[in-house]
Amino acid sequence: MRYVLRKFAQTVFVVVLVTLLTSVALRFLPGGTDVLVALKTGPGATKEQAQKVITDLGLDKPWYTQYFSWMKHFVTGDWGATLQSNTSIASAVKRALPISAYLMVYGQLLALFTAVPVAVWSAYRHNSRFDRIATTSAFGMLSLPNYIVAPVLMYFVSVQRKWIPYPSIYTSLFDDPVAHFKAFVLPSITIALPLFAGYMRLLRADMIATLQSEFITTARAKGVSTRNILFRHALRPSMFSLVTATAVNVGALMGGVVIVEQFFLLNGMGRLTVESIFSREYPSVQYAVVVLALIYVAVNFVADMAYAWIDPRVRARRAIG
Amino acid sequence: MDRPEGSREKGDRLNMSDIDVMLDDNAPVVPLIDEAAPAKVRVRKRGRVTKWLAISWMVFITVSSIGAESLPYINHSCDQFASIGECTTATHANIRLAERPPAWAGFSDSPQKGEPARFGLMGTDKNGFDLFARSLLGARTSLIIAGLAITFGLAIGTLLGMIAGYFRGWVDVVIENLTNVLLSFPALLLAIFFVTFFNDPSTAAATTRPLWPVVVSLVILSIPPLTRLVRANTIAYAQRDFVVAARSLGAKGSRVLFREILPNIVPTLLSFALTGLALLIVAEGALAFLGLSVEAPVPTWGRMIATGAGPLREGSWWISLMPAFMMFLTVLAINLLGDVLAQRFNTREAIS
């Protein structure tokens, strides 16, 4: 319990720091507040207009007041409008978030469902031909950035074979499942490839260590079947690093796959943020980035808690100190 | 997160060398580890071959990118033209040679041009530039940027990590939380943000687009994981006997840090530096893909891949896939060398 509380306090601290940094970031723009005023009102703003922009963004108040009022807006969902086109920031984020979430979930599922069996078999038949092929190709995949995988996939699947039409527009899963998956197949594979490699290597290394423990030998001696040993006895204590990596990647995938989103024309969080950065929509950047960071922090917290479920020894250790 | 290293390492080492022998001697029951003594030798040999392949690729790419203007095997874009004048009149003159597939590309199926004449090792791009030459020039950009970034990142990250890990206390808390905050933003977004921040139109950098905004962004990006790595290592070494001995002899903090602890974490740092270099090359490519790296006429892999994406849709695959291939080989080679070093020094990546 003390551990949970300490972890929680740490999480809250990071959240406060993240929101604080992003909320006051507008003050440190190169060019100062004039940039914001110029973006909002166009050239030749009157003094009143300029003043209104500054009060709307809370830049005339001291930073701590600004932080609290910004937090109030953030929590109540009153995120205001973009500077240039005057559209709602909240609705833009609401549109982008599910696309990113779908992409993240499909990529992770694809990677996990392939990596776990491959890693388990590799660890079991350690140094076999299968293992060597698997580890070598995983090593190669780690050197494949997604902007290399995406064009290769697109060329072979969409251009040469024409299996999936290239710009597959995003449609909701509930409106048209077929079109939905058509839009997500290639980007998910692109994302899953390096994930698969990472997960496979992590799990394989841990699994090899686990398979040498005495309780595995005991299970073997009792006559437990191989499948049961691998998936019921050995897998759970080997999942430690895998859970950490999966959790870290949730955050990274939500906003960090800008290039995949851009290449396959999916308007997810990454693209929203980058385009806001490019068009200097700083308030949109603030909200999008805070949402992403919060997701990251929350998922990591959950993963920390999940350790106790995976490994009772952790629970015991935490109870002691 | 900070899992004890010992167990896994010990398990691995046992299994690599001893287990098979031990089993051969006494146990008829083969446990869950495969017997693979003859296979192991083969693996080793192949490992050595790939190591030398990786080294020679890196030598090739480094030499070629340094001497790209004068080396004989690189096509200097004027060789392909009837006259020097035709070559120097900018991009439009090269249209004649635009989008030729590589000489070896027998299976090319560009639909729009029938059977175009082939050209060079890697074909030409939309402007008629030789892609092989441009890929090597792109290697120069990538290696310079990533190399500078990892050097500065290592210097700063090592310093911060050692300070945090050795002195602990409030310094440690501050540094750890700062790295946590930096790590809680998606890395690529952070880099994009910093580059645009430094290149903001209202500052002088925007008009000239120098190298340093990219380098600085990548340095900022590489500091947190390096700091974490060094911190963990420093903590481990700070409790070792020789450090305690040095301290009890009255050595000052700086002496202990730089003379006692630093030499011990250098091997770990070296193998991680190569992995970091590969990651930064990838990151630079990502920035270039989004048009955020160096200014347009200077070739970079990322932008070559990005500009090739349009022709790729019409079937001219080589324009983006050839630089992608060069980049893949380079990143792979660096990763392999990093792996070799890590095995050599028996370190494990603390941070994946």
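The values are calculated or read from the model by the stated rules, or taken from the named source; none is laboratory data. Since the model is a prediction, treat every value here as computed from it, not as a measurement. Counting neighbours? That spans all protein chains shown, and the Cβs are built from the backbone with ideal geometry, glycine included. For the accessible areas, the whole protein counts, side chains as well, though only heavy atoms, and no ligand, DNA or RNA atoms are used. Shrake-Rupley method; radii C 1.70, N 1.55, O 1.52, S 1.80 Å.
In order along the range B:255-264, the phi-based Karplus estimate (6.51 cos²θ - 1.76 cosθ + 1.60, θ = phi - 60°) of 3J(HN,Hα) comes to 5, 4, 5, 8, 9, 9, 8, 3, x, 7 Hz; Gly and Pro are listed as x.
Within the range A:1-151, what is the number of lysine pairs with alpha carbons under 21 Å apart, leaving out pairs fewer than eight places apart on the same chain? Total qualifying Lys-Lys pairs in the range A:1-151 comes to 7.
Taking all protein chains together and a 1.4 Å probe, the residues A:TYR64, A:TYR155, A:TYR102 rank A:TYR64, A:TYR102, A:TYR155 from largest to smallest accessible area. Among A:PHE13, A:PHE174, A:PHE68, the largest mean-square fluctuation in a Gaussian network model of chain A (Cα springs under 10 Å) belongs to A:PHE174. Along the axis of the charge dipole computed for the range A:2-76 (Cβ charges of +1 for Lys and Arg, -1 for Asp and Glu, origin at the Cα centre), the listed residues A:VAL24, A:VAL75, A:LEU39 are led at the positive end by A:VAL75. Looking at the range B:146-190, which residues lose a minimum of 40 Å² of accessible area between their chain alone and all protein chains in place, measuring with a 1.4 Å probe and not counting ligands or nucleic acids? When all protein chains are present, B:ASN177, B:VAL181, B:SER184, B:PHE185, B:PRO186, B:LEU188, B:LEU189 each give up 40 Å² or more of accessible surface.
Using a probe of 1.4 angstrom and keeping all protein chains present, the accessible surface of the range A:81-236 works out to 46 square angstrom per residue. Each 10 Å bin from 0 upward holds the following percent of the Cα-Cα pairs of the range A:2-76: 17, 39, 26, 11, 6, 1.
Comparing the full protein assembly with the isolated chain (1.4 Å probe, heavy atoms, ligands and nucleic acids excluded), the residues of the range B:298-322 losing at least 50 square angstrom of accessible area are B:LEU312, B:ARG313, B:LEU321. Put a plus charge on the Cβ of each Lys and Arg, a minus charge on the Cβ of each Asp and Glu, and nothing anywhere else: the dipole of the range A:89-320 about its Cα centre is then about 780 debye. Between the Cα long axis of helix A:240-255 and the first principal axis of chain A there is an angle of about 30°, rounded to the nearest 10.
On a per residue basis, the range A:2-76 carries 61 Å² of accessible surface, using protein heavy atoms and a 1.4 Å probe.
Suppose R0 equals 56 Å; then what is the FRET efficiency for A:VAL16 and B:TRP104 from their Cβ-Cβ distance, rounded to the nearest 0.05? It comes out at approximately 0.45.
Just the protein heavy atoms count here, and of the accessible area of the range A:190-321 at 1.4 Å, carbon and sulfur take up 61 percent. A:LEU294 exposes around 50 Å² of accessible area when a 1.4 Å probe is run over every protein chain in place.
Heavy-atom accessible area, probed at 1.4 angstrom with all protein chains present, ranks A:LYS40, A:LYS222 as A:LYS222, A:LYS40, highest first. A Cβ-based charge dipole, computed about the Cα centre of the range A:60-208 with Lys and Arg at +1 and Asp and Glu at -1, lands at about 400 debye. Using a probe of 1.4 Å on the protein chains alone, the accessible area found for B:PHE152 is around 110 Å².
Measuring nothing but alpha carbons in the range A:181-321 and taking Rh as the Kirkwood radius, the Rg to Rh ratio lands at 1.12. In terms of overall dimensions, the C-alpha atoms belonging to the range B:131-351 reach 70, 44, 25 Å along their principal axes, ordered largest to smallest. When chains B and A come together, the accessible area they lose, probed at 1.4 Å and totalled over both chains, is close to 5400 Å². Among A:ALA197, A:ALA252, A:ALA38, the residue with the largest mean-square fluctuation in a Gaussian network model of chain A, with springs joining Cα atoms closer than 10 Å, is A:ALA38. Amide H to amide H distances under 5 Å link B:LYS126 with B:GLU99, where only residues 5 or more positions off or on other chains count and H is placed in the peptide plane. Interface residues of the range B:268-295, defined as those losing at least 10 Å² of solvent-accessible heavy-atom surface relative to the isolated chain (probe radius 1.4 Å), are listed as B:VAL282, B:ALA286, B:PHE289, B:LEU290, B:LEU292. Counting pairwise Cα distances across chain A, what percent come out greater than 29 angstrom? Pairs farther apart than 29 Å: 52 percent. Considering only A:SER225, A:SER91, A:SER143, the Gaussian network model of chain A with Cα springs below 10 Å gives its largest mean-square fluctuation to A:SER225. Taking every C-alpha pair closer than 8 Å and separated by at least 6 residues, the mean separation divided by the residue count of the range A:89-320 gives a relative contact order of 27 percent.
The apolar share of the surface of the range A:2-76, taken as the fraction of accessible area on carbon and sulfur atoms (1.4 Å probe, ligands and nucleic acids excluded), comes to 68 percent. Shown are A:VAL35, B:VAL59, whose ranking by accessible area with a 1.4 Å probe and every protein chain present, most to least, is B:VAL59, A:VAL35.
Helix-only arithmetic for chain A: the sum of -39500 (n - 2.57) across DSSP H runs with n ≥ 4, divided by the residue total, places the mean residue ellipticity at 222 nm at -24000 deg cm²/dmol.
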